[in-house]
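Single-structure report; data block below.
Derivation of every value follows stated rules applied to the coordinates shown; laboratory data play no part. This is a predicted model, so every value here is computed, not measured. Counting neighbours? That spans all protein chains shown, and the Cβs are built from the backbone with ideal geometry, glycine included.
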Amino acid sequence: MRAHARARRTLLHTGTALGVAALLLAGCAQDPDAAPEPGAPSGGKAKTTLTVGVFGAFGLQEAGLYDAYMAQNPGIRIEQTSIERNENYYPQLLTHLGTGSGLADVQAVEVNNVAEITATQADKLVDLGKVPGVDKSAYLPWKWAQGTASATKGGATVALGTDIGPQGICYRKDLFEAAGLPTDRAAVGALWAGDWNKYLETGKAYKAKAGAGKAFVDSASGVMAAVTGGSAQRYYDEQGKVVYKTNPAVRGAFDFAASFATEGLSAKLQQFTPGWDQGFSNGTFATVSCPAWMLGYIQDKAGPAGKDKWDVAPAPKPSNWGGSFLVVPKAGKHAEEAAKLVAWLTAPAQQATLFEKRGSFPSASAAYTLPSVSGAQHPYFGGAPIGEIFARAAEGVPVTVLGPKDLVIAQNLGDIGMLQVDQKGRSPQEGWEAAVKAIDNALEQ
């Protein structure tokens, strides 16, 4: 997701029921450092201190995973530092990797940055695919591929995934009912199953009977992000060449999403702004493309009054938005022990715990059969079987080609191009040209 609005949600499970606790935004909260533990263990041998560098409220510490690892490994102490925002964290990480100093033993990497890391920094990172206990088959193939350098760069898996953002469609049952549409999530999902064009047609049917001021979608940009999130090739090709201008998947997604604006189906809101937040509570729009982490966001913004009004159904096609990785710099003080820690933190059991405690959906598919994932339901969303819905979506996401400036391209397509169509009434062609100009300037092309 966008670095300036990257959000992680706090979710608490009880058996198969999911209860949502406090909301934490990665762009607004900072993890406290782990409290130092005075003295050495009783045997007199000094503990090995492993440092972990993350951005925002990453979740590992809050979920109790560090404490659990230290309990199992009494010779290890873990200390975490956090920089509040990824746009400040990541440039520092690149600088430290370049100089080989100032690095934590374990460093977090956001999905929008992992392609640049694997392409330019792989030789400075430990090959985690060779660490004992790491099982490639336990991970989603596309997530494993994202953390693996190309064959020309050595082919090492230098980043192990923590979480992902498989998408569904969150919808307002009361607004659907008022517009004569079904409200049962299976019937709703069937309206657009397998085809984004059916989602557009559902929007037109909704508009025909919906009341004034009740749009079908929150924004055209959100639709575009959901569609492109399911494409195998987006902004770059396998050789690292920027191809978004000529890629029909990108232009097609842009023009398709623009249809929601030109057909009057959009609330014309910009995501992660106060107006968008208020739209959740005011019933301004009936649907929003929502990855797993957004459920907590919706609950926070819609408030108690929105309970049982919101529900979630599968998206027309599998798509992903968000996710992170852990890497181990070779220049760290304790690379071998750090690699063991990363292997443990990203193992299926720990990813299931992270989902149970924080709502971060596992990137390890082996976790999907564990009860805390497979049986997870969300009471705010009418008991929606979110473990089942999002696991199915995750398993259908294709292996996607990532590039070093994916975020720059995506932001300009949405915030410059699509926003002009959605809010200013520009034509899709005018919006596209404005986005291309902004991207060319940003990429110095």
Among 332, 376, 222, the residue whose Cα sits farthest towards the positive end of the charge dipole of the chain (+1 at Cβ of Lys and Arg, -1 at Cβ of Asp and Glu, taken about the Cα centre) is 222
Can you tell me which of 89, 297, 235 moves the most in a GNM of the chain? Springs connect C-alpha atoms under 10 Å apart. 89
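Test of understanding: ordering 360, 319 by Cβ neighbours within 10 Å, fewest first, what list do you get?
Details: 360 28, 319 25.
In order of increasing Cβ crowding within 10 Å: 319, 360.
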For the range 370-439, diffusion coefficient by Stokes-Einstein and Kirkwood Rh (Cα), 37 °C, 0.692 mPa s, µm²/s: 217 µm²/s
Considering only 168, 100, 403, give the residue with the highest GNM mean-square fluctuation for the chain, with springs between Cα atoms whenever their separation is below 10 Å. 100
Kindly rank 60-70, 344-354 from highest to lowest mean number of other beta carbons found within 10 Å of each residue. 344-354, 60-70
Cubic angstrom per residue, convex hull over Cα atoms of the range 43-114: 98 Å³
At q = 0.24 Å⁻¹, what log₁₀ I(q)/I(0) does the range 118-157 have when each alpha carbon counts as one equal point scatterer in the Debye sum? -0.80
Calculate the tail of P(r) for the chain: the fraction of all Cα-Cα distances greater than 34 Å, expressed in %. 31 percent
Antiparallel as a % of all DSSP beta bridges within the chain, to the nearest 5? 70 percent
For residue 135, placing the label point 7 angstrom along Cα-to-beta-carbon and taking the range 376-420, residues whose amide nitrogen sits under 11 Å are none
Computed magnitude of the charge dipole of the chain (debye, nearest 20; Cβ of K, R +1, Cβ of D, E -1): 360 debye
Based on alpha-carbon centroids, what's the gap between the range 197-215 and the range 358-428 in Å, whole number please? 23 Å
Estimated translational D of the range 252-379 in µm²/s (Stokes, Kirkwood radius over Cα pairs; 37 °C; 0.692 mPa s): 185 µm²/s
Note on the range 249-296: the mean projected area of its alpha-carbon convex hull, in nm², is 4.1 nm²
Find the Rg to Rh ratio for the range 320-445, where Rh is the Kirkwood radius over alpha-carbon pairs and Rg uses the same atoms. 1.12
Between their Cα atoms, which of 130/333; 130/317; 143/437; 268/301; 241/317 are more than 24 Å away from each other? 130/317; 143/437; 241/317
From fewest to most C-beta neighbours within 10 Å, the residues 148, 287 line up as 148, 287
Dipole-positive endmost among 385, 355, 367 within the range 355-409 (Cβ charges, Cα centre): 355
